[in-house]
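To start, the structure under review is shown below, and the notes come after it.
The values are calculated or read from the model by the stated rules, or taken from the named source; none is laboratory data. All of these numbers come straight from a predicted model, not from anything done at the bench. Note that each Cβ is placed from the backbone with ideal geometry, even for glycine, and that neighbours are counted across all protein chains shown. Protein only, heavy atoms only, side chains kept; ligands, DNA and RNA dropped before computing areas. Shrake-Rupley method; radii C 1.70, N 1.55, O 1.52, S 1.80 Å.
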Amino acid sequence: MASLERTAYPTFKRLISERELREFFTPSAEDVAWARERTHDRPGRVLALLVMLKSAARLGRVPKLGDIPGAVVAHVRDQAALAAGTAPETDSERSEERYRSAVRERLELKHKPGEARAAAEAAMRAAAPVKAHTADLVNVALEELVRQKERLELPAFSTLDRMAARNPLRDRSLAVRGDRRAHE
């Protein structure tokens, strides 16, 4: 199992600097207008849609609303000129899924999990003879997914980690390397 910290998988940092908040999580006036229109200008929903939008733009995937750090929520709320007590909200899981779809559409991010897994697996198979560690294979898959012209939403880290750990070519390459080291 690869350690998340040893990979390039995009995650929220525990401590997010003011510079990073400004650079990656500040909504434009156009973003705010888009969110207001989509949510009929209901403040909690505007905030939910904006934090999902800015987080997805940074991470390459649309996180669940509950996974977005408070620092990001507070920054987006302030930048969108929403009242201090406004919390991100949706009516239901269905509403949150609609927001996720709207964010993907705005960012032109394709939610095609099967295609993303296939591309990641192909990259891992190609790299397995020369990459021994699970974290290396996860990184190779991430590079391939980011490099592609069609912007596929990144699979969950756990998905990539399981794929890398069970890659049969990786197991054979480790055995071959072990044999070589034994003869040295």
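Structure notes:
- Residues of segment 63-75 that are over 16 Å from the mean Cα position of the chain (by Cα) and surrounded by fewer than 19 Cβ atoms within 10 Å (Cβ to Cβ): G70, A71, A74.
- Candidate set from segment 116-151 (those that are of a type in the set (D, E, K, R) and outside any helix (DSSP H, G or I)); member that is nearest to the chain's Cα centre (by Cα): R151
- Scan of segment 30-52 for residues that are surrounded by fewer than 18 Cβ atoms within 10 Å (Cβ to Cβ) and aliphatic (A, V, I, L, M), ordered by number: A33
- Here segment 97-115 is the region considered, the condition is being in a helix (DSSP H, G or I) and not charged (D, E, K, R), and the residue that is surrounded by the fewest Cβ atoms within 10 Å (Cβ to Cβ) is G114.
- Checking G60 against (1) free of Cβ contacts under 8 Å to residues at least 60 places away in the same chain; (2) under 14 Å from the mean Cα position of the chain (by Cα), the condition it does not meet: (1)
- Of residues in segment 157-173 being among the hydroxyl-bearing types (S, T, Y) and surrounded by 15 or more Cβ atoms within 10 Å (Cβ to Cβ), the one modelled with the lowest pLDDT: S173
- When residues in segment 82-106 are screened for being within 19 Å of E30 (Cα to Cα) and without any contact (Cβ under 8 Å) to a residue 40 or more places away in the chain, 3 of them pass.
- The number of residues in segment 76-96 that are open to solvent by less than 20 Å² (accessible area, probe 1.4 Å), assigned to a helix (DSSP H, G or I) and either of a type outside the set (V, I, T) or modelled with pLDDT under 95 (or both) comes to 1.
- The selection criterion, being open to solvent by 80 Å² or more (accessible area, probe 1.4 Å) and at pLDDT below 95, holds for D179.
- Unmet criterion (only one of (1) surrounded by fewer than 13 Cβ atoms within 10 Å (Cβ to Cβ); (2) among the hydroxyl-bearing types (S, T, Y); (3) at pLDDT 95 or above) for S55: (1)
- Selection of segment 3-43 for residues being under 30 Å from H133 (Cα atoms), of a type in the set (K, R) and in contact (Cβ under 8 Å) with a residue 60 or more places away in the chain yields only R6.
Results for (1) within 24 Å of V146 (Cβ to Cβ); (2) in a helix (DSSP H, G or I); (3) hydrophobic (A, V, I, L, M, F, W, C), shown as yes or no for each residue.
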site	(1), (2), (3)
A8	yes, no, yes
T11	yes, no, no
W34	no, yes, yes
E37	no, yes, no
D41	no, no, no
V46	no, yes, yes
V51	yes, yes, yes
A57	yes, yes, yes
P63	yes, no, no
